[in-house]
Amino acid sequence: NLSLTATPVRLGDDFSISLKPGEKKQVQIKVRNGSEETVALESKANDFLVAEDGFTPILVDAKQVDSRWSLVSWLTLVPAEHKLASEEAAVVNVLIEVPQDALPGGHYAMIYHRPLNSATITESGSGISQRVGTLLYVMVEGDINEEAYISNFNWPKFLENGPVDFSLKVDNQSDIHINTKPVLKIYNLFGKEVANIEVEARNVFPKSEREFAGSWNKVWGLGYYKAVVEASYGSQGRVMTATAGLYLIPVKIILLVLIIALIITILFISLKKRKASILNDSISQDLKSEDEKPNDSQK
């Protein structure tokens, strides 16, 4: 089996590749042969989509992706073919040439490497079967719309006990990808913050949704809890928010306590009645004994 590694896995996702229309820039990526055999590789650029899991990039042809976000036609790779011995690495120079009429916002492609034969590859980095690669993010400067919101906040309304699992979907309607890290704050009935949960940061591509999930590791509680999720995004530090409420009430435990309390109360009342009955019987017996004693006139 062949083993290839592409580095970095992502390039420019931190908005470090920002270019003006008509501007050029060269970046470098690397591919390494980790197998024991010499392998011949080719490097290519391709459009991609992200799979439903929100992580896996899937290579697609130009007809399957909106050309608004395409980057492939702006790229030139040198060299495009390599012959790597075991543990040898090659550098691929990627020239980015932004057209004069390029639309402002994000443009994306995957630089992938694959063997020129049909051998199987053990993947490392971004990629799919028999391919490994680097996701390339380029931002074209200009009037860029930044707009995103939380389209769905899945937070339970009632639970007997935790942990409390939650999820949310971020809908990115911007002209560029956003990187956001949702934070969930939980308040009790009196408005006191009782938990602060940070969710792993992720990229959300333009005109797409991505799901985030987490858990509040609280097992027992009693009362109402308010959850407020906040997620900042964009160059202007905008914040999207959503709010939901939860009643955390251990009904079964409360019923068990009430039943035990009821049983104890019944036993207490029964014992009290029994004690009173015994006392009354004792008093009646004493009175009866007094009545049976002879008085002076009888004597």
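The values are calculated or read from the model by the stated rules, or taken from the named source; none is laboratory data. On a predicted model such as this, the values are computed, not experimentally measured, just so you know. Glycine also receives a Cβ, built like all others from the backbone with ideal geometry; neighbour counts cover every protein chain displayed. What goes into the accessible areas is simple: the full protein's heavy atoms, side chains included, and nothing from ligands, DNA or RNA. Shrake-Rupley method; radii C 1.70, N 1.55, O 1.52, S 1.80 Å.
Descriptive notes on the structure:
- Residue match in segment 183-196 (condition: touching an Asp or Glu at 6+ places or on another chain (Cβ under 6 Å), over 30 Å from S70 (Cα atoms) and among the hydrophobic types (A, V, I, L, M, F, W, C)): yes
- Residue within segment 243-258 that is surrounded by 17 or more Cβ atoms within 10 Å (Cβ to Cβ) and within 30 Å of M139 (Cα to Cα) present: no
- Scanning segment 172-198 for residues that are open to solvent by 10 Å² or more (accessible area, probe 1.4 Å) and within 14 Å of the chain's Cα centre (by Cα) gives N179, K181, V183, I197, E198.
- Taken over segment 20-34, residues that are assigned to a loop (DSSP other than H, G, I, E, B) and without any contact (Cβ under 8 Å) to a residue 60 or more places away in the chain amount to 0.
- Of the strands (runs of 3 or more DSSP E) lying entirely inside segment 62-151, the ones with 2 or more residues being open to solvent by 50 Å² or more (accessible area, probe 1.4 Å) and at pLDDT 90 or above are found at 75-78, 81-84, 89-97.
- Any pair with Cβ under 8 angstrom, 6 or more apart, that starts in segment 192-217 at a residue that is within 22 Å of P57 (Cα to Cα) and ends at one that is open to solvent by 80 Å² or more (accessible area, probe 1.4 Å) and among the hydrophobic types (A, V, I, L, M, F, W, C): none
- Each residue in segment 228-252 was checked for being in contact (Cβ under 8 Å) with a residue 12 or more places away in the chain and over 20 Å from the mean Cα position of the chain (by Cα), and 8 of them qualify.
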